[in-house]
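Below is one structure, written out as structure tokens, with a few remarks after it.
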Ligand code: WT7
């Protein structure tokens, strides 16, 4: 503990706690002893977790950190990732268990057992091998949430091909830069995708992206929209192949080969605020160990009993670790849904949960706040009694959204796990353990057993309880990124230079400890506001706004201010059931400003609050505060190409100019 100036002030206090019920604790996978066990011997702990997997050859060393920050885990071990996620369960007598309850957006469905998954993955692997692909080659996959997306990823893993999944909504330019960076030889896509009831072209975009792409030899096209898609599917003879023509006739038997524990499994690109996207590299043994370990304990998953549903897209790391690799390694039965949550109606998720008796549901705060905006009357119409664990990931969850989630989706009793991690960390790092942790709404709480995280100040000294600072990871972990594809220097510079002397990984997030030493994430440090010398977190002010009964969502930014340095400008979306005109009125806005002052303190009172119909978000649901700062400072709005819906900024600006 030091007296250094804090990176962030600790302003908002939240004192509600929700201890686990005795009933839940009695059946939980986790118990409190795990922390002590891991602390006593970290490497022995991880070696034990790695035993969850089938190794063709056992490792000789758990961790080699001699070339830090380049880690090697389970050195000398060999395994096949796809064998672990598929064949192993069939060999164990569970071939008839459903692996995937797939639900298409238009209402078509398909139940895929583990035996069938094995046949499909084997056929795809034989098909890919027939194209001459060999271990180490890269394959780009741009597919929506259809079974072939998962078959493709697992077939790559089976052959030792490194996949690079590109989100289905990304533009041709974004796809092209990723294909070029990884020098992908094959691209897998579909003719078109269903989006809000309409068929939109995919292959046409891929063709635009690949014009002149030198590395690409073949393009495999899954037929999904067929006749529903208007216009022709553009076709390049000699390069393009229909999936059904290539794959369907293949043998459904394929013998997997074991690969080194450090064999590259996938590259996944994340866009930073500056520069070209970073190709985050993940490898095999350590990654799968931590994905399986966290999925088992954090979600309290029981194979053969639970029905699990993670609502992410496979284009994001959440889809990699918590749809494909973690759950399948753990023999989960899971729902995979192709469409959007409001197609054809706003109760679609609840309808699916009711139908498949989903027991574990993992989603993002942005969606929870959207559900709040739509109103609790919608989930109330469905039977959600099968749900027993709820999860959240992607952003800090505002305490009020947490309470709403627990009350309206979890029947006031399902434990909520607020899981902090990143594309770079590969798997969950900080989270409550259901059945063990007394949950606090809005806090990710504590590093998982085997993981070490700290909140430190500018000088890398750990802050005391009640203090704020930077979140760092001070010990290597099995699923950590192994680098940035093709750019070791950028890897060191981006993650390891801020606290180079101490060898800490800096995640880019602000955080604080509460008085019990639990961790609260406070948003990206780039977004921190400085008001009269106080460093205020966007998350805390947003949470205070969302705790007001009229507000569903809020985004705040610091706009330059002649007297205070920066002034807080807030953008809010109202809840569906409030009288909009009244809530936009001067009196209501004053009441909101005072509410923030009461919750946090006068220093955090927004200078200005604007009611808006939407907020600018990236396709993965993160608010783009940079664009709101442009609005708040009356500037021309900057680059909007990574927005999920680029018309949102026009909507915001026109609303603001038309009187309010
Ligand atoms: C960033 C990583 C991890 C999969 C999805 C996002 C933020 C993520 C939480 C959480 C507070 C969170 C952080 C992090 N974040 N989960 N539970 N509480 N913040 O992956 O796109 O790599 O983003 O998301 O800012 O650094 P990603």
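Points to keep in mind about this one:
- Restricting 103, 139, 98 to residues that are surrounded by fewer than 20 Cβ atoms within 10 Å (Cβ to Cβ), within 22 Å of residue 318 (Cβ to Cβ) and touching a strand residue (DSSP E or B) at 6+ places or on another chain (Cβ under 7 Å) narrows the list to 98.
- Of all residues making up segment 565-596, the number that are modelled with pLDDT under 85, out of contact with any helix residue (DSSP H, G or I) (no Cβ under 6 Å at 6 or more places or on another chain) and either closer than 18 Å to residue 634 by Cα or part of a loop (DSSP other than H, G, I, E, B) (or both): 4
- Yes/no for residue 212 being more than 30 Å from residue 482 (Cα to Cα) and without any contact (Cβ under 8 Å) to a residue 12 or more places away in the chain: yes
- Extreme residue, farthest from the chain's Cα centre (by Cα), among residues of segment 356-368 that are more than 16 Å from the ligand (Cβ to nearest atom) and without any contact (Cβ under 8 Å) to a residue 60 or more places away in the chain: 357
- Filter pass, residue 353 being crowded, with 22+ Cβ neighbours inside 10 Å, under 29 Å from residue 553 (Cα atoms) and away from the ligand (no atom under 15 Å from the Cβ): yes
- Selection from segment 200-248 of residues that are out of contact with any strand residue (DSSP E or B) (no Cβ under 8 Å at 6 or more places or on another chain), in a loop (DSSP other than H, G, I, E, B) and either under 20 Å from residue 151 (Cα atoms) or not assigned by the TED database to the domain that holds residue 155 (or both): 248
- Meets criteria (at pLDDT below 90 and either farther than 30 Å from residue 640 by Cβ or surrounded by 18 or more Cβ atoms within 10 Å (Cβ to Cβ) (or both)) for residue 606: no
- Only residues that are part of a loop (DSSP other than H, G, I, E, B) and near the ligand (Cβ under 9 Å from one of its atoms) were counted across segment 395-423, and they come to 7.
- The listed residue being surrounded by fewer than 20 Cβ atoms within 10 Å (Cβ to Cβ) and within 23 Å of the chain's Cα centre (by Cα), out of 517, 508, 523: 508
- The lone exception for residue 384 - which of (1) farther than 17 Å from residue 20 by Cα; (2) buried (at least 23 other Cβ atoms within 10 Å of the Cβ); (3) at pLDDT 95 or above it fails: (2)
- Scanning segment 619-630 for residues that are more than 16 Å from residue 365 (Cα to Cα) and touching a residue at least 40 places away in the same chain (Cβ under 8 Å) yields 625, 626, 628, 629.
- Residue check for residue 188: under 21 Å from residue 122 (Cα atoms), touching a residue at least 40 places away in the same chain (Cβ under 8 Å) and either within 16 Å of the ligand (Cβ to nearest atom) or in contact with a helix residue (DSSP H, G or I) (Cβ under 9 Å, 6 or more places away or on another chain) (or both): yes
- Verdict on residue 487 being surrounded by fewer than 23 Cβ atoms within 10 Å (Cβ to Cβ), modelled with pLDDT under 95, in the same structural domain as residue 36 (by the TED database) and over 26 Å from residue 595 (Cβ atoms): no
Per-residue answers, yes or no, for (1) surrounded by 23 or more Cβ atoms within 10 Å (Cβ to Cβ); (2) under 20 Å from the mean Cα position of the chain (by Cα); (3) over 14 Å from residue 259 (Cβ atoms):
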| residue | (1), (2), (3) |
| --- | --- |
| 121 | yes, no, yes |
| 126 | no, no, yes |
| 132 | no, no, yes |
| 145 | yes, yes, yes |
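For (1) in a loop (DSSP other than H, G, I, E, B); (2) more than 15 Å from the ligand (Cβ to nearest atom); (3) modelled with pLDDT of 95 or more; (4) under 22 Å from residue 400 (Cβ atoms), each residue gets a yes or a no:
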| residue | (1), (2), (3), (4) |
| --- | --- |
| 425 | yes, no, yes, no |
| 428 | yes, no, yes, no |
| 433 | yes, no, yes, no |
| 443 | yes, no, yes, yes |
| 495 | no, no, yes, no |
| 511 | no, no, yes, yes |
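- For segment 515-531, the tally of residues that are farther than 18 Å from residue 448 by Cβ and in a loop (DSSP other than H, G, I, E, B) stands at 2.
The values are calculated or read from the model by the stated rules, or taken from the named source; none is laboratory data. These numbers come from a predicted model, not from an experiment. Methodologically, a virtual Cβ is constructed for each residue, glycine included, from the backbone with ideal geometry; neighbour enumeration extends over all protein chains shown.
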